[in-house]
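A short write-up of the structure that comes next.
The values are calculated or read from the model by the stated rules, or taken from the named source; none is laboratory data. In this text, all values refer to a predicted model and were calculated from it rather than measured experimentally. Cβ placement follows ideal geometry from the backbone for every residue including glycine, while neighbour counts extend to all protein chains displayed. All accessible areas refer to the heavy atoms of the entire protein, side chains included, with ligands and DNA or RNA removed. Shrake-Rupley method; radii C 1.70, N 1.55, O 1.52, S 1.80 Å.
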Amino acid sequence: MNPTVARYQRALDGVHEESVDACLAAVTPMAGRFAATGMYAPAVPLPGHASPRQRLLGLLGRRDDV
């Protein structure tokens, strides 16, 4: 796994699952707009078994192969 992604995942380790779920719910409908600003990469498709934390990172354009 890319060290940058690992760092982001570790940063989310201390965040309560409810907070991750709330962020995921807020980010999901706006992910395309975030990418359009150029501040975020386009959303990364993830497998169906991805955790909420992984999905949140993926929506914000974080990849594990860059």
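The figures follow:
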item	result
Segment 45-63, residues that are in contact (Cβ under 8 Å) with a residue 40 or more places away in the chain and open to solvent by 80 Å² or more (accessible area, probe 1.4 Å)	R62, R63
Tally, over segment 14-58, of residues that are in a helix (DSSP H, G or I) and aliphatic (A, V, I, L, M)	12
Which numbered condition V66 fails, given (1) open to solvent by less than 80 Å² (accessible area, probe 1.4 Å); (2) of a type in the set (V, I, T); (3) at pLDDT below 90	(1)
Total residues in segment 28-44, condition open to solvent by 60 Å² or more (accessible area, probe 1.4 Å) and among the small types (G, A, S)	2
Tally of residues being modelled with pLDDT under 85 and acidic (D, E) across segment 6-45	1
